[in-house]
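The values are calculated or read from the model by the stated rules, or taken from the named source; none is laboratory data. What you see is a predicted model, and the numbers here were worked out from it, not measured in a lab. Because the Cβ atoms are built from the backbone with ideal geometry, glycine has one as well, and the counts that use them run over all protein chains shown.
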Amino acid sequence: MTNSKSIFRAVTLSAFVLFAAGLCLLFAPDETIRALFPDRDGGSAVLASLLGACLFGFGSMNWIARHSLLGGIYGRAVVVGNQAHFFIGTLLLLRHLSAAVSPAFWALFGLYLLGAVLFSFLLYRKAV
């Protein structure tokens, strides 16, 4: 029982983090990009807003699935989508890690690494 409660809490936390990141990118794309990459002039606000919409969608999906069984064959689409997103995101952030000195970038990298570990664990475990 405690294992399913901790999974519920982790997926709920993931939903809140993705909601927050999505809202930041939707409503303040240039400022968010500058906080993560201080050496750049922001970026394309349209692409950052599209990314924000995707993150908001992932947050919504996690919020709806937080009470469902996740792992094994249960909730597989939710787990695989999140695992792919966080794992690929971790690899992309790792590629730019040496150039980044921003504390916001390190926090983002840590959250993505944590998400990749969590959803990889859920993907390969038996649902409880």
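Of all the listed residues (Phe105, Phe86), the sole one being closer than 18 Å to Leu13 by Cβ and of a type in the set (Phe, Trp, Tyr) is Phe86. Between Ala116, Ala127, the distinction of being modelled with pLDDT of 85 or more and of a type in the set (A, V, I, L, M, F, W, C) belongs to Ala116 only. Filtering segment 65-84 to residues that are hydrophobic (A, V, I, L, M, F, W, C) and surrounded by fewer than 16 Cβ atoms within 10 Å (Cβ to Cβ) leaves Leu69, Ile73, Ala77, Val80, Ala84. Can you tell me which residue within segment 91-113, out of those that are surrounded by 17 or more Cβ atoms within 10 Å (Cβ to Cβ) and of a type in the set (A, V, I, L, M, F, W, C), is modelled with the lowest pLDDT? Among those residues, the one meeting the criterion is Ala100.
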